[in-house]
Amino acid sequence: MILAFDTSSAACTAALFDGQGNCVARRDEMIGRGHSERLVPMLSELLDGRAADTILVGAGPGSFTGIRVGIAAAHGLAIGWNAELTGMSSLGLLAAGAAHDGDVAVAVRGGHGELFVQEFDGTREPTSEVFNLPPAQAAASITARVVVGSGARTLVDARGWGEVDDRPPSAADALKLPLHLRSLAAKPIYARAPDAQPRQAA
């Protein structure tokens, strides 16, 4: 079985797939903060005594704390189950869940009012790098009409045109991702430098 979950946003989302890739159980909750308190009980409810031999965990970018909570839990489960562990693109997960079949952009709110943005084609292959930009710069760099994610409204408003799809991510879409976007290292993708910087030697 495959267990997929993502805690990089205000959503806490998890899904369990059988050997044929069918989603047999899922949980999707908007919790804002508190992933560290909610994730393990959610997974316990979802699994209902079952174990997985593969784990897919959202690697970001997104919330620094949320990403680290998810990855830490995934490593613990992988050790306990002797399961294969890989990371998946959290922006790709949003793109995979978009209702639009053509090109889409993903925009997710980051720190300091900036947006994490990336564009994808109709097969959900990325057509740009991940950028962390102020809304005006993000608006100037994104050409897809449909924008998905928590920052979609901000980007579309800054650009003055486009269609907003602000649905939260769902781990049930994990297997729609191209293989290379769900075969990442299970370590955080921050896409920008952390706010706290080490002090430089005098």
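Name the single residue, out of those in segment 1-34 being of a type in the set (D, E, K, R) and at pLDDT 95 or above, that is surrounded by the fewest Cβ atoms within 10 Å (Cβ to Cβ).
The first filter runs over segment 1-34 and keeps only residues of a type in the set (D, E, K, R), leaving 6, 18, 26-29, 33.
Adding the requirement that they be at pLDDT 95 or above leaves 6, 18, 26-28.
Details: D6: 31, D18: 11, R26: 16, R27: 20, D28: 16.
Looking at residues that are of a type in the set (D, E, K, R) and at pLDDT 95 or above, I get D18.
Looking at the structure I just gave you, is A15 farther than 17 Å from G151 by Cα and assigned to a helix (DSSP H, G or I)?
Values: farther than 17 Å from G151 by Cα: yes; assigned to a helix (DSSP H, G or I): no.
Judged against the criteria, A15 is not a match.
Somewhere in segment 91-99, is a residue over 18 Å from the mean Cα position of the chain (by Cα), more than 12 Å from T7 (Cα to Cα) and surrounded by fewer than 15 Cβ atoms within 10 Å (Cβ to Cβ)?
Among the residues of segment 91-99, not one is over 18 Å from the mean Cα position of the chain (by Cα), more than 12 Å from T7 (Cα to Cα) and surrounded by fewer than 15 Cβ atoms within 10 Å (Cβ to Cβ), which makes the answer no.
Among the residues of segment 81-105, which ones are assigned to a helix (DSSP H, G or I) and either without any contact (Cβ under 8 Å) to a residue 24 or more places away in the chain or closer than 20 Å to G149 by Cβ (or both)?
Listed by number, the residues that qualify are S90, L91, G92, L93, L94, A95, A96.
May I ask you to list the residues in segment 41-64 that are assigned to a helix (DSSP H, G or I) and either under 11 Å from the mean Cα position of the chain (by Cα) or surrounded by 14 or more Cβ atoms within 10 Å (Cβ to Cβ) (or both)?
In the first step, residues of segment 41-64 are kept if they are assigned to a helix (DSSP H, G or I); the result is 41-47, 64.
Those that are assigned to a helix (DSSP H, G or I) and either under 11 Å from the mean Cα position of the chain (by Cα) or surrounded by 14 or more Cβ atoms within 10 Å (Cβ to Cβ) (or both): M42, L43, L46, L47, F64.
Considering segment 59-87 alone, what residues qualify as being touching a Phe, Trp or Tyr at 6+ places or on another chain (Cβ under 7 Å) and closer than 18 Å to R26 by Cβ?
Correct list: G70 only.
Is it fair to say V57 is at pLDDT 95 or above, in the same structural domain as P178 (by TED's automatic domain parsing) and within 19 Å of L179 (Cα to Cα)?
Details: at pLDDT 95 or above: yes; in the same structural domain as P178 (by TED's automatic domain parsing): yes; within 19 Å of L179 (Cα to Cα): yes.
Considered against the rule, which asks whether it is at pLDDT 95 or above, in the same structural domain as P178 (by TED's automatic domain parsing) and within 19 Å of L179 (Cα to Cα), V57 comes out as yes.
I need the full set of residues from segment 106-126 which are outside any helix (DSSP H, G or I) and under 17 Å from S63 (Cβ atoms), in order please.
Within segment 106-126, V106, A107, V108, R109, G110, E114, L115, F116, V117, Q118 meet the criteria.
The values are calculated or read from the model by the stated rules, or taken from the named source; none is laboratory data. All figures in this text were calculated on a predicted structure; none of them were measured in a lab. Note that each Cβ is placed from the backbone with ideal geometry, even for glycine, and that neighbours are counted across all protein chains shown.
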